[in-house]
Amino acid sequence: MSKTYRGGVDALIDLDLDVLPGEVFGFLGPNGAGKSTTIRLLLDLIRPTAGSIALFGLDSRRDAVETRRRLGYLPGDLRLSDRLTAREQLDSLVRLRGSAAPLRESLCERLGVMLDRPIRELSRGNRQKIGIVQAFMHRPELAVLDEPTSGLDPLLQAEVRSLLRETAADGRTVFLSSHSLDEVQHTADRVGIIRAGRLIDVDRVETLRERALRHVSVTFAEPVDPDEFAALTGVRLEHVEGSSLRLSAAESAMDAVVKAAARHQVVDLVSAPADLEEIFLELYREADTAG
Amino acid sequence: MLDRRRALVAWSVGVAAYVLLIAAIFPSIESSKELDELVESYPEPLKELFGIGSGSLTSGPGYLDAELFSFMLPLFVLVLAIGAGARAVAGEEEAGRLELLLSYPVRRSRAVLAKAAGVAIEVAVLCVVMLVVLVLLDPVFGLDLAAGRLAAALGGLAAVGILYGWLALAVGAAVPSRTLALAMPASFAAAGYLIGGLHGLAGWLDPFRVLSAFWWVGSSPLQNGARVWGIAVVATAAVAVLAAAAVLVERRDLKVP
């Protein structure tokens, strides 16, 4: 699927992606990479220049009303009717949906939605809660969420993450976008990484983490020759200070690192998993050199 | 919809107050016969433009034609209608609210038709308010109005309002610009108003009079009676514009702010 905006901006180039039923799929990329464009194509808000999208085996364009009946959507930039209260806004959205909203009450309670204040008086986080409620209230088979936790405090972020996990555990599907890998790593089963309109990687979160470099800090009793470590495959020396070394190593290189270290007297050894954010940046760099 | 209802109530109160003010002045106008002599000296097309027609400013229908139906009431109705029409699609789209609405299981054309019904209802409510106010004030200030003509006059006004309101909606359905959705019907309405009033004065404008909704419904409706078939023509045009809106809205990408 491709999307070229008028004026020749290629927002998406040959995007090919399968999301499986019952999984939480994290769609990652920096701002402007094409995440929201992809999501809007799913919802038939905009139309692909080439290609097509199937949702529940239906065509996203031809059967747009039916597919939208079965999904729930949270826009990235949620705008509500400012003069209404949350209750009035949700009432009007339930009417618009034209079907029951069995989860509405429990979700409002769980997220602590302020129902009776006009929306214009609510903070960004409190508006976002209304958006989450409306996306989930009808128990959709698929929830499409554009940066769902933005504006929420850490406690609520955790609450929303567990909501996503529960949805998947229930056999329903979640497709969420984010610009931060860290945000989705505890929620998503798989992630797709998009950059400048191209999908550059799709992987299980664990696989990504395995590919990730460890940060290893070793302190020896006396200074050692750093080249002993720098020469190992998959190892990059980051910092040497006195008898301490800091290096980054792929999972596959860990054995060699430990064995090399064991030839000397070790005072301390710390291995920390790389931040997924770094993997993310690493992938960007790879895509840059490849492209 | 709920916040539109509040705005409509405010509009209705304001317009009702204006109508009351104008009607309350009538008894003092009625007694000044000099005014009729002055007006009598105006050229015929000018009288047409001011809504005086062949009648007299000192009769109830003549006075209200000139003071309300020739300019102010159409202006009120058009501002409300074009504003509502432009807000309904283009305004909601620019505010970013259309995205959520269209992510619901609603066909775009149906959403546009529902919005159009909202615009029509707003215009109709305002016209009914004017009707009720004038019917109530008639005996109070001795306006001496014919109920049928009054109803037809307001019917014509409603038809004109709905036509330009739906035009604003249709422009917004076709292009994501609130400015254009306001400007296009507003200039069409202004041009239509001038053509309707001046085509008799400036002969070269005469062929264009069919483009004016104001010409179709007729001038000085309380004295001459509104043209019912003209109202039907305007209503038909409104439906055609709306059909175009329903088709055009399906064809494009939603714009997001």
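The table below lists the values:
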{"quantity": "Listed residue (A:Val113, A:Ser252, A:Leu283) projecting farthest to the positive dipole end of chain A, Cβ model", "calculated": "A:Val113"}
{"quantity": "Extension gain (nm, one decimal) between A:Leu17 and A:Arg87, 0.36 nm per residue minus Cα-Cα", "calculated": "21.5 nm"}
{"quantity": "Cβ-defined net charge surrounding A:Leu41, 9 Å radius [Lys, Arg +1; Asp, Glu -1]", "calculated": "+2"}
{"quantity": "Potential lengthening between B:Val228 and B:Ala243 on full extension [0.36 nm per residue; Cα-Cα distance subtracted]", "calculated": "3.1 nm"}
{"quantity": "Check: the protein assembly as shown dipole with +1 on Lys, Arg Cβ and -1 on Asp, Glu Cβ, in debye", "calculated": "1500 debye"}
{"quantity": "Dipole magnitude (debye, nearest 20) for the stretch A:54-104, charges at Cβ of Lys, Arg, Asp, Glu", "calculated": "100 debye"}
{"quantity": "Inter-part distance where the stretch A:179-203 and the stretch A:1-36 are each reduced to a Cα centre, Å", "calculated": "11 Å"}
{"quantity": "Signed unit charges on C-beta, dipole axis of chain B, positive-most listed residue B:Phe69, B:Val79, B:Trp204", "calculated": "B:Val79"}
{"quantity": "Spin-label pair A:Val65/A:Val94, simplified geometry with 7 Å Cα→Cβ offset, distance in nm", "calculated": "2.3 nm"}
{"quantity": "Dipole magnitude (debye, nearest 20) for the stretch A:213-273, charges at Cβ of Lys, Arg, Asp, Glu", "calculated": "160 debye"}
{"quantity": "Most mobile listed residue (B:Arg110, B:Arg87, B:Arg227) in chain B, GNM with C-alpha springs under 10 Å", "calculated": "B:Arg110"}
{"quantity": "For chain A: relative contact order, % (alpha-carbon pairs under 8 angstrom, 6 or more apart)", "calculated": "21 percent"}
{"quantity": "Within a Gaussian network of chain B (alpha carbon springs, distance under 10 Å), most fluctuating of B:Gly118, B:Gly14, B:Gly156", "calculated": "B:Gly14"}
{"quantity": "Distant-in-sequence amide H partners of A:Leu55 (H built 1.01 Å from N, under 5 Å)", "calculated": "A:Ser60"}
{"quantity": "Centre separation in Å (Cα based) which lies between the stretch A:245-280 and the stretch A:110-171", "calculated": "40 Å"}
{"quantity": "Convex hull volume per residue for chain B, taking Cα atoms only, in Å³", "calculated": "118 Å³"}
{"quantity": "Near-label residues of the stretch A:89-117 by backbone N, under 12 Å of a point 7 Å along Cα→Cβ of A:Leu155", "calculated": "A:111-112"}
{"quantity": "Separation of the B:Ala117 and B:Leu38 label points, Cα + 7 Å toward Cβ, nm", "calculated": "5.0 nm"}
{"quantity": "Within the stretch A:15-59: backbone nitrogen closer than 17 Å to the A:Asp182 label point (7 Å, Cα to C-beta)", "calculated": "A:28-31"}
{"quantity": "Distance (nanometres) between label positions extended 7 Å along Cα→Cβ at A:Ala50 and B:Leu21", "calculated": "6.4 nm"}
{"quantity": "Choice from B:Tyr193, B:Tyr18, B:Tyr63 showing the highest fluctuation, given a GNM over chain B with Cα pairs closer than 10 Å", "calculated": "B:Tyr18"}
{"quantity": "Listed residues A:Gln128, B:Val160, A:Thr85: farthest to the positive end of the dipole of the protein assembly as shown (Cβ charges)", "calculated": "B:Val160"}
{"quantity": "Net charge over other residues, Cβ less than 12 angstrom from the Cβ of A:Ala250 (K, R count +1; D, E count -1)", "calculated": "0"}
{"quantity": "Exceeding the 22 Å Cα-Cα cut-off - candidates A:Lys129/B:Lys115; B:Lys115/B:Lys255; A:Lys3/A:Lys129", "calculated": "A:Lys129/B:Lys115; A:Lys3/A:Lys129"}
{"quantity": "Cβ crowding within 10 Å averaged over residues, with A:67-76, B:206-215, B:22-31 ranked highest first", "calculated": "A:67-76, B:206-215, B:22-31"}
{"quantity": "Neighbourhood charge, 10 Å Cβ-Cβ cut-off, centred on B:Ser59 and excluding it, Lys, Arg +1 and Asp, Glu -1", "calculated": "-4"}
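Taken together, the values in this text are just the output of simple stated rules run on the coordinates, not laboratory data. Treat the numbers as computed from the prediction; the structure is a model and nothing was measured. Glycine also receives a Cβ, built like all others from the backbone with ideal geometry; neighbour counts cover every protein chain displayed.
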